[in-house]
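To start, the structure itself, in structure tokens.
The values are calculated or read from the model by the stated rules, or taken from the named source; none is laboratory data. A quick note: this is a predicted structure, and the numbers were derived from the prediction, not measured. Because the Cβ atoms are built from the backbone with ideal geometry, glycine has one as well, and the counts that use them run over all protein chains shown. Just the protein is used for accessible areas: all its heavy atoms, side chains included, with ligands, DNA and RNA removed. Shrake-Rupley method; radii C 1.70, N 1.55, O 1.52, S 1.80 Å.
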Amino acid sequence: MKFIELLRFATGAIIAHPLRSGLTSLGVVIGVAAVVMMTSIGLGAQQRVTSTIASLGSNLIIVSPGAARGGGGGGGGGFVMGGAGTGLSLTEDDAEVIARDVEGAIAVAPVVRGQAQLAADGANWNTRIEGVTPDYLIARDLTLASGRMFDDREARQGKKVLVIGQTVARELWGEQDPIGRRVRVRSVPFEVVGVLESKGQSSFGQDQDDVVLGPLQAVRSRVVGRRLRGEVVQTIYVKAESEDELTRVQEDVTNVLRQQHRIRPGEDDDFSTQNMASILQASQAAVATFTILLAAVAAVSLVVGGVGIMNIMLVAVTERTREIGLRMAVGARRSDVLIQFALESVALSLAGGIIGLTIGVLGALAMARVGDWPAAVPTWAGPLALGFSMLVGLAFGAYPSWRAARLDPIEALRRE
């Protein structure tokens, strides 16, 4: 019997019972849709984490006070750094030593930070304020939309000038140009000299444009000075010349600070260093593991769908026993019967896979639109979903097909 005829018989059997065929494929539909959506969510999370860490700055090393550990104060751009603001052990002198002695460090930026209430022209806004040096823009890969960055002289003298983010500018002055305007930060008057380019929201839900930057001396003494004494800083950002130099620069920073802090061999550091490359790799590995876990859980639905196909096919064999006997009596071989039922099983599973793939892709795109999430449907999702659907149909349809092919024609014809 020709393969085309077998395919026609299999298709006719499926069409003859549309409701049963649809319910049989439902498990595969749900399984494929779930796998595609879970994988898309995981890849979207991976892209969001990558973009967030990249927004902190490329080739960046973060030096924090205290030994490396989780928790602590919030870092710039929504990244959480361990130990910031607690057990402070870093100073401006440390930053100067790093800039002087570490080869390949093109920007070294000490930072203090806090929250402050801003008031200007009848408007109020509470935001994050950071005391920085001019190198901060280089270290964090920030650019200005308008105005200028304060210079080294203004930073040393503690001039009361500010560079503000887009959110702060919008909340205080709307569409008006904020350059040259006065703003009171905790009752201390500052002048706006620049506005940062927008960076948007981080994957941690923090608005990266809701920030103001001021000279380190001015912010520490006028805004957050009650918590910080002397020349203490909360974080030091070090930008390496290239990604190839990142590991070496990080090691040199560690060695220089150990000497600066007079830490003896064998003693623990009173600071921690992290580079963006290692953080990115760790984050991506964690998200990838989570994605695999989600996809594996969703794949259980495919197994359940395969069991449903097997059950229905066994029922079909019982119902069509006389038909099978008749076909064998007029010349059909056992292999023809086997192939026909296998084709029916594969067709049911493949149809469910196509519908599930469509639902999964549309669902992933809908979630991306509603939840402001990266739409990350992998290119291999389609071939993998359809291939796995066919495999499920073939595997779970094998036993019913074999059982149909093993029927005795005479006994089958006697069956009513």
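Would you confirm whether or not segment 229-239 contains a residue that is among the hydrophobic types (A, V, I, L, M, F, W, C), modelled with pLDDT under 85, buried (at least 16 other Cβ atoms within 10 Å of the Cβ) and more than 17 Å from ASP101 (Cβ to Cβ)? Don't jump to the end; show me each part of the working.
In the first step, residues of segment 229-239 are kept if they are among the hydrophobic types (A, V, I, L, M, F, W, C); the result is 232-233, 236, 238.
Still in the list and also modelled with pLDDT under 85: none.
Taking every residue of segment 229-239 in turn, none turns out to be among the hydrophobic types (A, V, I, L, M, F, W, C), modelled with pLDDT under 85, buried (at least 16 other Cβ atoms within 10 Å of the Cβ) and more than 17 Å from ASP101 (Cβ to Cβ).
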Any residue that is modelled with pLDDT under 80, aliphatic (A, V, I, L, M) and buried (at least 20 other Cβ atoms within 10 Å of the Cβ) - is there at least one of those in segment 72-85?
yes
So is ARG248 assigned to a helix (DSSP H, G or I), modelled with pLDDT of 75 or more and loosely packed, with under 15 Cβ neighbours inside 10 Å or not?
yes
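Applying the selection to segment 171-223, what residues are acidic (Asp, Glu) and either open to solvent by 20 Å² or more (accessible area, probe 1.4 Å) or part of a helix (DSSP H, G or I) (or both)? Steps first, please.
Within segment 171-223, the first condition is being acidic (Asp, Glu), and the residues that meet it are 171, 175, 177, 191, 197, 207, 209-210.
Scanning segment 171-223 gives GLU171, GLU175, ASP177, GLU191, GLU197, ASP207, ASP210.
Counting only residues that are among the polar types (S, T, N, Q) and in a strand (DSSP E or B), which one in segment 116-170 is farthest from ASN275 (Cα to Cα)? Talk me through it step by step, then tell me what you get.
Applying the first criterion (among the polar types (S, T, N, Q)) to segment 116-170 yields 117, 124, 126-127, 133, 143, 146, 157, 166-167.
Checking the rest, the ones that are also in a strand (DSSP E or B) come to 117, 124, 126-127, 146.
Values: GLN117: 32, ASN124: 36, ASN126: 30, THR127: 27, SER146: 30 Å.
Here the residue is ASN124.
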Residue selected from segment 189-215 under the condition β-branched (Val, Ile, Thr) and within 14 Å of GLN115 (Cα to Cα), by the criterion farthest from the chain's Cα centre (by Cα)
VAL212
Given (1) at pLDDT 70 or above; (2) surrounded by 13 or more Cβ atoms within 10 Å (Cβ to Cβ), number of the condition ALA296 does not satisfy
(2)
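Being at pLDDT 75 or above and among the aliphatic types (A, V, I, L, M) is the filter; apply it to segment 255-284 and report the residue that is surrounded by the most Cβ atoms within 10 Å (Cβ to Cβ). Don't jump to the end; show me each part of the working.
Of the residues in segment 255-284, the ones at pLDDT 75 or above are 255-275.
Filter again for among the aliphatic types (A, V, I, L, M), leaving 256-257, 263.
Numbers: VAL256: 17, LEU257: 22, ILE263: 15.
Residue satisfying both the conditions and the ranking: LEU257.
Filter segment 116-127 for residues that are free of Cβ contacts under 8 Å to residues at least 60 places away in the same chain and either surrounded by 17 or more Cβ atoms within 10 Å (Cβ to Cβ) or more than 21 Å from ARG181 (Cβ to Cβ) (or both) and give the result.
Restricting attention to segment 116-127, the residues satisfying the condition of being free of Cβ contacts under 8 Å to residues at least 60 places away in the same chain are 122-126.
TRP125, the sole residue that qualifies.
Considering each residue of segment 128-160, count those that are among the β-branched types (Val, Ile, Thr) and open to solvent by 10 Å² or more (accessible area, probe 1.4 Å), and give that number. Reasoning before the result, please.
Narrowing segment 128-160 to residues among the β-branched types (Val, Ile, Thr): 129, 132-133, 138, 143.
After this cut, where a residue has to be open to solvent by 10 Å² or more (accessible area, probe 1.4 Å) as well, the list is 133, 138, 143.
Count: 3.
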